[in-house]
Each structure stands twice: as structure tokens, then as C-alpha cells.
1. Taking the radius of gyration and the Kirkwood hydrodynamic radius from Cα positions alone, what is the Rg/Rh ratio for the stretch 101-201, to two decimal places?
2. Kindly state, to the nearest 0.05, the FRET efficiency for LEU103 paired with THR198, given R0 = 41 Å and r defined as their beta-carbon distance.
3. Output the peptides 117-126, 156-165 sorted from most to least packed, where packing is the average of other Cβ atoms within 10 Å over each peptide's residues.
4. Can you work out the Karplus-derived ³J(HN,Hα) for every residue in the stretch 241-253? Use 6.51 cos²θ - 1.76 cosθ + 1.60 with θ = phi - 60°, whole Hz, and x for glycine or proline.
5. If I stretch the segment between ALA71 and SER207 completely, what's the gain in nm (0.36 nm per residue apart, minus their alpha carbon distance), one decimal?
6. Scan around GLN191 for amide H atoms under 5 Å from its own, H built in the peptide plane at 1.01 Å from N, and keep only partners 5 or more places away or cross-chain.
7. With 26 Å as the cut-off, how large is the P(r) tail for the chain, expressed as percent of Cα-Cα pairs?
8. Viscosity 0.890 mPa s, temperature 25 °C: Stokes-Einstein D of the stretch 166-238 from its Kirkwood Cα radius, in µm² per second?
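The values are calculated or read from the model by the stated rules, or taken from the named source; none is laboratory data. Note that the structure is a prediction, hence the values are computed from the model and not measured. As a convention, Cβ positions derive from the backbone with ideal geometry for all residues, glycine included, and neighbour counts pool all protein chains shown. For the accessible areas, the whole protein counts, side chains as well, though only heavy atoms, and no ligand, DNA or RNA atoms are used. Shrake-Rupley method; radii C 1.70, N 1.55, O 1.52, S 1.80 Å.
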Amino acid sequence: MLSQMGPEYASSLQRLISAKRYKQYTAVFGGDQKAGAALYLLDIEVRGALLELLHFIELPLRDAIHRDLSAVYFKRWYERSDILDSRTTRSFEKAKGELGKYLGKEPDRVVAQVSLGTWTALLETGGPIKDAAGNFVAASDYERDLWHPALAGTFSGLAKTREDAEVLLRRVRRARNRVAHHESVVFGVHQIGERDGTKLVRQSPHSMIADVRALIAHLAPDMKAWLDTCKHVEELLGDQLAVDALAYAHLKRNAAWV
């Protein structure tokens, strides 16, 4: 846990990061530099605590999808270029190339090399399949070829439809990326491309954590009881600084909140 920052360091912190990024923290308190610095440090701690929970998602998610697709299409299912769109095929070919001649032949090594974005994309509708020259061959259909024979089972009890599973994974991935890129969490996270009528959709940190915990409970049910006792991130969000930041975001952001 970071120690409290004295007022003599507030101006140094402001010089350390961009003025535009820092301004939102001080704006919550009418320009108060000390309170803004305290909120900035709290946001760092919130992101760190959220990352602790996210640790229990990425590996189990990858393994569950790999297991269930292997049961239908065998362990090298990722080589099925007849059903996977070219974007997905390129991701796995890149992983195999990075691993080299020998390790690239080991399915477990290959799937471990692929990013969370690729796993999330398997819940989308699927894109075009192209030949080596880049010519369109066919449109992939992930609903038919991935969801119904395999992934519906992966998410059974958590998501009734492919779309529901995709939205959940997309939001959790955004939370992970937000933390990894050192972006603010206490003000909520804009859901790029999502709208509710005329308003952009923004997810509150509490909703974000609820998604993360729901996915953990599904993927690692034997860990749920213990993780339910790990309330550090909720405790941090209960700090008055974080409460004030979210209230400010609700006031200033013309968004539909989830």
C-alpha cells in the first residue's frame, strides 16, 4: 500500500504525468492539489487490487476454451482455417512463429502464447476467411461452428447466448487493459462502440468488479469462497475520495451507466 503523500510532493506528481490526465483528479475537488494527489494515489491502489482479481481469470479462461474446443476439433483446433476467420488464424500463426520450430508444434504452448483479445474474439460473430493472397473465401460463423458445439458449454450457467458471453468478456478485457495501461478506474470506463440510445455507455468500477467476480466464480468455483473474502478493491472504492470521484463522473459524463 502506498503511503500518504505530503503536500510538498503534490506539485512533483503533477509534473510527472500529463496535465490533461491529472486535471480530472483535482477537478473533483475544485482544483485542490492535495486532494487530487490523494485521489490519484488511491486510483493506483484500486487498479492494483483489481489486477489481483484479474489474475484468476485469464489463465482459467484460456484453458477452458482450449479444453472445450479440443473436445470437438482436437487439440490443434486453432489450425482449422476453414472455420476460423483470418484474423484468428493470423494470431495463432504468429504465436507458433514466436515459439519456433519445435515449441510451435505443442498445442498447450501455442494457446499460452495468444493474447486475451484473441480469446475474446472467439465469442464474436466471426470475420472473413481469406486465402494466402488475401482474397475472400468465405464468411466464418462462430455461432454455428464454435458456440453451439463447444463454447455454449464453456459458459453454461453464466451466459445464455454467445452475445451475452461476448459482452461480459469484452468488458472484463477492457478492465484488464485499463489497468495494464495505467488508466483511471475510479471515474468508470467508457465502453467503446456501445450506446444506449444517444448516450455512450460507461461502466462503473463497481459493475466492473461484479463482472470480474462473476467470471471468476464460473471459471474457478473452488476458489470463490476464498476470493469472496478478498475485499480489498471494494474497501478502496468505499473511500470517500473514490465516492466523490464517481459522483463527479456521473455529474460530468453524459453517459448511460452500467
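1. Details: Rg = 16.7 Å, Rh = 16.2 Å.
Computed over Cα atoms, the ratio is 1.03.
2. For R0 = 41 Å, the calculated efficiency reads 0.25.
3. Numbers: 117-126: 20.2, 156-165: 14.6.
Order by mean packing, descending: 117-126, 156-165.
4. 4, 5, 4, 5, 5, 5, 4, 5, 5, 4, 6, 9, 8
5. Working it through step by step, the gained length comes to 45.6 nm.
6. The list, which skips near neighbours in sequence, is VAL201, ARG202, GLN203.
7. Values: 16559 of 33153 pairs.
The answer is 50 percent, as a whole percent.
8. Working: Rh = 13.3 Å.
The diffusion coefficient I find is 185 µm²/s.
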